[in-house]
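Throughout, read-outs are computed from the coordinates displayed, never taken from laboratory work. Just so you know, these numbers come straight off a predicted model, no measurement behind them. Glycine gets a Cβ as well: all are built from the backbone with ideal geometry, and neighbour counts include every protein chain shown.
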Amino acid sequence: MRFSLGTRLATTATALGTALGAFATMGTATAAAAVPNGEWAPFTRCPVDAPAMLAADGLARTPQCVVSSSASGSIKLGNTTVTTGRTNLQIGVVQNSDGTSTVVAPAGGALIADSATVPGGLLGLMCPSNVPAVTAICEQLGNSTLNKITATVESVGTPYAFNQTAGIVTGEPIVAIPVRIHLENPLLGSKCYIGTASKPIVLRPQNVTFPEFGMTFFDGDGTQADDGEMSRINLTGSTQNDSTFAVPGASGCGLGLLGIIDAAVNLKTGLPSAAGNNSLTLNNTQTSLAGLNAPGTVAPDAGKRLAQNWHSAVN
């Protein structure tokens, strides 16, 4: 029974590791996190108390926690390539008996990551220009504070098209993740985005290399135990990529200059950019998934048991 569960968990963990690759395009604001003990330690934000997770009975619906991180990578949007920093994705997954999966995000958002600095700043994004208003801005950019741009990824909707089987092979899309990228700079204003909630960037990452596999068993409170009721799958070292996504143009930039700054940014960076001209790569991803070994034995309370165990491990 443990072997069967391990195989299922490994599949999902690989898939969700790739989901991290999708989200890790830039960075996002840091949120408060719990501090679990032992084998629960990486799962600081698992949404165990979300209604969909608590309602999982262990028979028709099985609840699991997923965390995936990457220390480095890169994303190319149009003519601009950005080096990514550390990213951390945490979600809940409900495995359904019909073979489908439901993704559950933490209330504060699925991703926490280091902010990324756009190479060249505003000078690189929109200068030089033959538009007087833009030229006036370019002339002020000797000040490094004014020139610097940070980019933050924001999820805009729930991931979809989750393909569990694709998580254990290479070259097949695993999940579709809609995001937008917030460009921040004093001269861009507070509403400058690449992509929007209605017209997002949709990332469909896939495995390029296979991860190494490891597995541990533990008690509900996180203490390792060969006969523990919980198991944790560790998938490490995989490279992930997506070069199929399209990127819409920037919008909302420039402190009310009626789209002039949007146009300048788009012209210099080559946005909008059709599918095939953009790419995402995540290096050395580290993914872990935790779940009950025999969820059916605690039916219909598997979701409640998972939540109870997670809370027992949190300081």
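Over the Cα atoms of segment 52-171, how large are the radius of gyration and the largest Cα-Cα distance (Dmax), in Å?
Over segment 52-171's Cα set, Rg and Dmax evaluate to 20.7, 65 Å.
Considering amide H positions built from the backbone, and no H for Pro or chain starts, which residues 5 or more places from Glu172, or on another chain, come under 5 Å of its amide H?
Asn207
Quick one: length gained pulling Glu172 to Ala41 fully straight, 0.36 nm per residue minus the C-alpha distance?
Between Glu172 and Ala41, full extension yields 44.1 nm more.
Say R0 is 41 Å: what FRET efficiency, to the nearest 0.05, do Thr244 and Gln308 get from their beta-carbon distance? Show your work: numbers first, answer last.
Numbers: r = 41 Å, r/R0 = 1.00.
It comes out at approximately 0.50.
In whole Hz and in residue order, list the ³J(HN,Hα) couplings for segment 172-179 that follow from phi through the Karplus curve 6.51 cos²θ - 1.76 cosθ + 1.60, θ = phi - 60°; x for Gly and Pro.
Coupling constants for segment 172-179: 10, x, 9, 7, 9, 10, x, 9 Hz.
If I model a spin label as a point 7 Å beyond the Cα along the Cα-Cβ vector, how far apart are those points for Asp226 and Ser115 in nm?
A separation of 5.1 nm, rounded to one decimal place.
Expressed in whole Å with the largest first, what are the equivalent ellipsoid semi-axes of segment 225-304 derived from the C-alpha gyration tensor as the square root of 5 times each eigenvalue?
Numbers: eigenvalues 442, 68, 24 Å².
Here the semi-axes work out to 47, 18, 11 Å.
How large is the charge dipole for segment 29-98, taken about the Cα centre, if only the Cβ atoms of Lys, Arg (+1) and Asp, Glu (-1) carry charge, to the nearest 20 debye? Numbers along the way, then the final one.
Numbers: 4 positive and 4 negative charges, 72 e Å.
About 340 debye.
When each pair of different Cα atoms in segment 87-141 is counted once in the 1/r mean, what is the Kirkwood radius in angstroms, to one decimal? Display every interim value, and only then the final one.
Details: mean 1/r = 0.0653 Å⁻¹.
After inverting the mean inverse Cα-Cα distance, the result is 15.3 Å.
Among Ala264, Phe213, Thr165, pick out the residue whose Cα is farthest towards the positive end of the charge dipole of the chain, where Lys and Arg carry +1 and Asp and Glu carry -1 on C-beta, about the Cα centre.
Ala264
Given charges of +1 on the Cβ of Lys and Arg and -1 on the Cβ of Asp and Glu, with all other atoms neutral, how large is the dipole of the chain about its Cα centre, in debye to the nearest 20?
Working: 15 positive and 18 negative charges, 141 e Å.
Approximately 680 debye in magnitude.
Which Cα, out of Val202, Gly189, Val298, lies furthest along the positive dipole direction of the chain (beta carbon charges, K/R +1, D/E -1)?
Toward the positive end, the furthest listed residue is Gly189.
Which value, to two decimals, describes the C-alpha radius of gyration of the chain once divided by 2.2 N^0.38 Å? Walk me through the intermediate numbers first.
Details: Rg = 21.1 Å, N = 315, 2.2 N^0.38 = 19.6 Å.
After normalising by residue count via 2.2 N^0.38 Å, the value is 1.08.
I'd like the Karplus ³J(HN,Hα) series for segment 281-293: coefficients 6.51, -1.76, 1.60, θ = phi - 60°, whole numbers in Hz, and an x wherever there's a Gly or Pro.
9, 10, 9, 6, 5, 10, 10, 9, 9, 10, x, 6, 5
To the nearest 500 deg cm²/dmol, what mean residue ellipticity at 222 nm is calculated for the chain from DSSP H runs of n ≥ 4 alone, each contributing -39,500 (n - 2.57), summed and divided by the residues?
-6000 deg cm²/dmol
I need the peptides 204-213, 94-103 ranked by packing, meaning the mean over residues of other C-beta atoms within 10 angstrom, with the highest value on top. Provide the component values of the computation, followed by the final result.
Details: 204-213: 18.7, 94-103: 15.0.
My ranking of the peptides, most packed first, is 204-213, 94-103.
Can you give the log10 of the normalised intensity I(q)/I(0) at q = 0.15, 0.20, 0.21, 0.27 Å⁻¹, computed with Debye over equal Cα scatterers of segment 126-208?
Summing over Cα pairs of segment 126-208 leads to -0.70, -0.90, -0.94, -1.19.
Calculate the spin-label point distance for Ala274 paired with Ala294, positioning each point 7 Å from the Cα along the beta-carbon direction, and give it in nanometres.
5.7
Along each of its three principal axes, how wide is the spread of alpha-carbon positions in segment 65-105, in whole angstrom units, largest first?
If we take the Cα atoms of segment 65-105, the spans are 43, 21, 14 Å.
Amide H neighbours of Ala56 under 5 Å, counting only residues 5+ apart in sequence or on other chains, H built in-plane at 1.01 Å?
Long-range HN contacts for Ala56: Gly303.
Taking 1 over the mean of 1/r across every pair of different Cα atoms in segment 130-262, what Kirkwood radius in Å do you get? Show your work: numbers first, answer last.
Values: mean 1/r = 0.0540 Å⁻¹.
It works out to 18.5 Å.
Given +1 on the Cβ of Lys and Arg, -1 on the Cβ of Asp and Glu, and no further charges, what dipole in debye does segment 57-207 carry about its Cα centre, rounded to the nearest 20?
That gives segment 57-207 a dipole magnitude of about 160 debye.
Residue by residue, what Karplus-based ³J(HN,Hα) values in Hz, rounded to whole numbers, does segment 75-80 have, using 6.51, -1.76 and 1.60 with θ = phi - 60° and x for Gly and Pro?
With coefficients 6.51, -1.76 and 1.60, one gets 9, 10, 10, x, 9, 10 Hz.
Given that compact globular proteins tend to follow 2.2 N^0.38 Å, what is the ratio of the alpha-carbon Rg of segment 157-196 to that value?
Taking N as the residue count of segment 157-196, the ratio is 1.76.
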